[in-house]
Amino acid sequence: MNLTKQQILAEMGLSPLWELRHKAPVQPNAPDDAQAVPAPLSPSSALAASTVTAAAAPGPAPVLDLSWEPLATSVTACRACRLCEQRQQAVFGVGDRAASWLFIGEGPGADEDAQGEPFVGVAGQLLDAMLAALDLSRRADVYIANAVKCRPPGNRTPEASEIAACRPYLERQIALLQPKIIVLLGRAAVHAVLGKDDTLSSLRGKTFAYRAGERDIPVVVTYHPAYLLRTLSDKAKAWEDLCRARALMRAAKQEAALAI
Ligand code: URA
Ligand code: SF4
């Protein structure tokens, strides 16, 4: 299937927004993709990474120094929380291991549990449309992971203890990937990466920071695609979030180019 940009935006319910964008006043906190000035990183969130590390125990066996393949093998065999009991397989992550973009969801559903890849069901189709609207795809410059690697039975929300048990894997994935931006899809991902339990609507529109080694990686929060499938009226807000993420990405790339 080879959709045009217009068809992709229509699929996301975004065509009217696309047509109106140049007429609408620019919101100071919701930059348009073309002339966006990214907000500075929130200093209050710069501690997120240390919070994550401190809360990581009890978790799987130490994974801090593992490279990609041993890390994936370790996830496959993991029994650190009870989500291992009913899984068909653990779902490690998919995409380009040198990607600039990291998208993080909640956890595998039935389709992902069966196929071993994140976001392959209906929510995944919407995520793919969102990526395509940004001229991205899950195989090039994008990596997709989940807060928990094993399917919560009945697709329930993962518990805080399960997210904590699985967090070292996610942390290691971020450390290996060193993305230029992290996009959190929904509350479980926010809980895993930022240690926050606030509502999504209160977290959208801000830029957080995830400390990875010497670097602060900008973090943008948006709605989970499964939520957007139920709440079509919020798709435009998700698009706004993605445009802001793209502006941050461009700024990060320009900064890197200037540093050379
Ligand atoms: N929802 C998620 O959060 N992750 C998946 O991989 C699939 C659906
Ligand atoms: Fe291990 Fe994570 Fe699966 Fe729990 S969800 S068993 S911590 S891989």
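The values are calculated or read from the model by the stated rules, or taken from the named source; none is laboratory data. Predicted model, so just to flag it, every value in this text is computed and none were measured. As a convention, Cβ positions derive from the backbone with ideal geometry for all residues, glycine included, and neighbour counts pool all protein chains shown. Surface areas here come from the heavy atoms of the whole protein model, side chains and all, with no ligands, DNA or RNA. Shrake-Rupley method; radii C 1.70, N 1.55, O 1.52, S 1.80 Å.
With N as its number of residues, region 125-166 has a Cα radius of gyration that, divided by 2.2 N^0.38 Å, comes to 1.50. In this simple spin-label model, placing a label point 7 Å from the Cα along the Cα-to-Cβ direction at both residue 251 and residue 206 gives a separation of 1.6 nm. For residue 73 and residue 160, a Förster radius of 30 Å and the Cβ-Cβ distance give a FRET efficiency of 0.70, rounded to the nearest 0.05. For residue 212, the residues whose amide H sits under 5 Å from its own are 217, ignoring neighbours fewer than 5 places away on the same chain, with H placed 1.01 Å from N. Among 231, 73, the sequence by solvent-accessible area, most first, with a 1.4 Å probe is 73, 231. Within region 61-144, the proportion of Cα pairs with more than 16 Å between them is 57 percent.
Over 21 Å between C-alpha atoms is what I'm after, so list which of 180/206; 206/235; 206/237 land there. Before the final figure, lay out the partial values.
Values: 180/206 16 Å; 206/235 18 Å; 206/237 13 Å.
Flagged as over cut-off: nothing, all pairs pass.
Cross-link partners for residue 196 among the aspartates and glutamates, with Cα-Cα distance under 17 Å and sequence neighbours closer than 8 places in the same chain left out: 106, 159, 162, 171.
Using only the C-alpha atoms, the convex hull of region 138-260 corresponds to 123 Å³ per residue. Legend: P(r) of region 109-188 from all alpha carbon pair distances, 10 Å bins from 0, whole percents, reading 16, 48, 33, 3.
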